[in-house]
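Any read-out appearing in this document is the output of simple, stated calculations on the displayed coordinates, not a laboratory observation. Quantities reported herein were computed from a predicted structural model and do not represent experimental measurements. Ideal geometry is used to build each Cβ from the backbone, glycine not excepted, and the neighbour counts take in all protein chains shown.
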Amino acid sequence: MDKPVIIFGSKGIGKAALEIFKSNDVVVYGFLDDDEKTHGQEIDDVTVLGNPDDHGFLKLIGQKTEAFVATDDNRLRKKQVEMLKENRKVMPTNAVHKEAVISKSAAIGHGNFINARVVVGADSTVGQHCILNAGVVIEHNVKLDDFVQVGAGTVINTGVTIGKEAFIGSGVTIIAGVTIGKKARIGAGSVVVSNVGDGETVFGNPAVKVEN
């Protein structure tokens, strides 16, 4: 990546994204954050410049800088992605840690957060704006739709399909061939041995449906 990056969000994933870009010798121009209390503060020598809708900084994106959306709130994430597409005609860049292992035959979309020690296997597909936390293992022929979040240390076995906006907690094991529906939620530490429907929440070993 030749251009510096502006990170939307200075907390949580924002700080982790800064470490990821630095691990790849990518310059971070600054942060933009809705919390005005953070404005002017420095995070590892990188300044929180102002609000995400500040045109003075937004006009740099696509010309002099790239952008990365660093929030695990999918509602806000989608809002900021749409703003960048409409106002700047750009898609957020990927934040892929140098210690992640991505198969040459895997396909990765835009705007993904892929932390250290993540493995993405052969012929797997990661959609747009997904969050893969540290140590996630995705075996071969897995398909993740857009805005999927996967917690640290989760193992997704071969042939699994995960629908849009699904949330997979930390330390989960998903058995080969399982389908996880849109906006499904998998509790931390669960072992998923059968399909999970759209919007369902499951938990346990083996994972069973939790009534809302």
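The H on the amide N of GLU66, modeled in the peptide plane, is under 5 Å from the matching H of VAL5, ILE6, each at least 5 residues off or on a different chain.
Using a simple spin-label model with pseudo-atoms 7 Å out from Cα toward Cβ, LEU76 and GLN41 lie 1.3 nm apart.
Axis angle, to the nearest 10 degrees, between helix 74-83 and the longest C-alpha principal axis of the chain: 40 degrees. Under 5 Å from the amide H of ASN51 lie the amide H atoms of ASP33, each residue being 5 or more positions distant or on a separate chain, with H modelled from the backbone and absent for Pro and chain starts. For the chain, find the longest principal axis of its Cα atoms and tell me its angle to the long axis of helix 13-23, 0 to 90°, nearest 10. Its long axis makes an angle of about 80 degrees. With 0.36 nm allotted per residue and the present C-alpha distance subtracted, the SER103-ASN24 stretch has 26.7 nm of extension available.
Simple rule: put +1 on each Lys or Arg Cβ and -1 on each Asp or Glu Cβ in the chain, find the dipole, and look at SER124, VAL208, ILE114; the Cα lying farthest toward the positive end is SER124. Were the residues from HIS140 through ALA176 laid out at 0.36 nm apart, the gain over their Cα-Cα distance would be 12.0 nm. Amide H to amide H, with H built 1.01 Å from N, VAL90 comes under 5 Å of LYS85, counting only residues 5 or more places away or on other chains. Qualifying trypsin sites (Lys or Arg not before Pro) in region 70-131, where qualification requires a DSSP coil assignment and no more than 11 other C-beta atoms within 10 Å, comprise LYS89, LYS98, LYS104. Projecting the Cα atoms of ALA176, PHE31, GLY14 onto the dipole axis of the chain, where Lys and Arg carry +1 and Asp and Glu carry -1 at the beta carbon, places ALA176 farthest toward the positive end. Please report the relative contact order for the chain, taking Cα pairs under 8 Å with a sequence separation of at least 6, and give it as a percent rounded to a whole number. Relative contact order, the chain: 10 percent. How far is the Cα center of region 1-59 from the Cα center of region 150-185, in Å? Here the answer is 30 Å between Cα centres. Over 26 Å apart at the Cα level, from the set LYS22/LYS182; LYS59/LYS143; LYS15/LYS182; LYS59/LYS79; LYS3/LYS143, are LYS22/LYS182; LYS59/LYS143; LYS15/LYS182; LYS3/LYS143. Largest first, the extents of the alpha carbon coordinates of the chain on the three principal axes equal 51, 39, 30 Å. A compact globular protein would have a Cα radius of gyration near 2.2 N^0.38 Å; the ratio found for region 46-111 is 1.25.
Return an integer: the convex hull volume of the alpha-carbon atoms of region 5-93, in Å³ per residue. Convex hull of Cα atoms, per residue: 85 Å³.
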